[in-house]
Amino acid sequence: MAPPMLNGMDSSDSATSPAERYTTPTTLYSWRPPSPPHIHIPPLSGLDTSITLSKYRGLDDEQETREILSVITQGQNVAVEKPDWKYEMRRHIQAILSFLYLGPSSGARDIETLRQEGITMLLVIRDSKTALARILSGAKVAQQLGIEAGAIDVSGNMELIAAFPKAIQTINDHLIRVFRHRNPQGVNSQTLAATPKVLLFCESGNERSAAVAVAYIMATYELGLIEAIQYVQNQRFCIAFDDEMKHTLLNFNQLLEARRSVTQTRQAEATVSQKSKRRLELYDDDDGDVDMGQEDDRDRFSGRTKFAPFM
């Protein structure tokens, strides 16, 4: 027997709401986990169209290396909007910082430009398969110019978050090494030699190498994700990050913030410990004064014969 009808509708109609009956899905339902939210990077516009970097704020460096990196990174690092960007410029290298350049693999083969800009190291960010095939490398050009060459190999964008610290350390180690060679007296030299310069490159100069440049700026100058991307994009307009790359950089920035928080906590604890130690030293000094008074009192009775007041 068929089920009774309610208000002229059968049982199948009664199982759906009015909204469901008069709407049609635009796509098929998906049961996968939701995608991460989109990270929008607005262009610099209006009155504030420049980003000026602060002094060096790297982590986990010795005093000498911090001083050297502070000298190297204190150049005129200001990103200004470039309205004259042309499509052909994507094939050339651009100075992101006074000591850090970014470009495609074709730019890393332009020997004349590399010589004119004073590049001292070619650092390629490449896929591990490309590394095995020896397709992308700056070793030959570096050998012709008498400069250094390095490589950071990753099997995918997900490995970049682990490769960022290695790339940053590679850049800083080269800067420090060349600076010491050119300035034997260190930062106290009366006239400092030319600053060493590193060129980051990948196939296009717009993805992995650009991500390393953004990560370096976040780690070195304590810039946030959006500002760091804006800074690099102002210098090389053609960089392109998908949401996966942006979230990889966001996760790296969160790791940097956590490390800075731990460092600040340790520094605060060390300061409190030093103050406590100082107070204990002052207390010990006071005890020493009391002991000296007791020694003076004993000296007054030295040399006297023993006297027993009662038998």
Matching residues, the range 105-129, being touching a Gly at 6+ places or on another chain (Cβ under 9 Å) and not in a helix (DSSP H, G or I) | Ser105, Ser106, Asp110, Met121, Leu122, Leu123, Val124, Asp127
Checklist (1) without any contact (Cβ under 8 Å) to a residue 40 or more places away in the chain; (2) part of a helix (DSSP H, G or I); (3) surrounded by fewer than 19 Cβ atoms within 10 Å (Cβ to Cβ) applied to Arg180, failing item | (1)
Output the residues belonging to the range 158-199 that are of a type in the set (Val, Ile, Thr) and within 15 Å of Ile217 (Cα to Cα).
-> Ile161, Ile168, Thr170, Ile171, Val198
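Looking only at the range 59-82, which residues are assigned to a loop (DSSP other than H, G, I, E, B) and modelled with pLDDT of 85 or more?
Step one: list which residues in the range 59-82 are assigned to a loop (DSSP other than H, G, I, E, B), which gives 59-62, 73-77, 81-82.
Listed by number, the list holds a single entry, Thr73.
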Can we say Gln264 is at pLDDT below 75 and out of contact with any helix residue (DSSP H, G or I) (no Cβ under 9 Å at 6 or more places or on another chain)?
-> no
Under 8 Å by Cβ, and 6 or more places apart or on different chains, what pairs join a residue from the range 63-74 that is on the phi < 0 side of the Ramachandran plot and among the small types (Gly, Ala, Ser) with one that is buried (at least 18 other Cβ atoms within 10 Å of the Cβ) and in a loop (DSSP other than H, G, I, E, B)?
-> Ser70/Tyr56
Residue within the range 183-193 that is among the hydroxyl-bearing types (Ser, Thr, Tyr) and part of a loop (DSSP other than H, G, I, E, B) present | yes
Any hit, the range 136-157, residues being closer than 26 Å to Ala193 by Cβ and touching an Asp or Glu at 6+ places or on another chain (Cβ under 8 Å) = yes
When you look at Phe307, is it at pLDDT 95 or above and not in a helix (DSSP H, G or I), yes or no?
-> no
Conditions (1) surrounded by fewer than 19 Cβ atoms within 10 Å (Cβ to Cβ); (2) among the hydrophobic types (A, V, I, L, M, F, W, C); (3) over 24 Å from the mean Cα position of the chain (by Cα); (4) assigned to a helix (DSSP H, G or I); number of the one not met by Ala142 = (1)
Mind telling me which of the residues Arg259, Arg236 ends up being within 19 Å of the chain's Cα centre (by Cα), surrounded by fewer than 18 Cβ atoms within 10 Å (Cβ to Cβ), more than 19 Å from Gln74 (Cα to Cα) and among the basic types (Lys, Arg)?
-> Arg259
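The values are calculated or read from the model by the stated rules, or taken from the named source; none is laboratory data. The structure presented is a predicted model; accordingly, all values stated were derived computationally and were not measured. Glycine also receives a Cβ, built like all others from the backbone with ideal geometry; neighbour counts cover every protein chain displayed.
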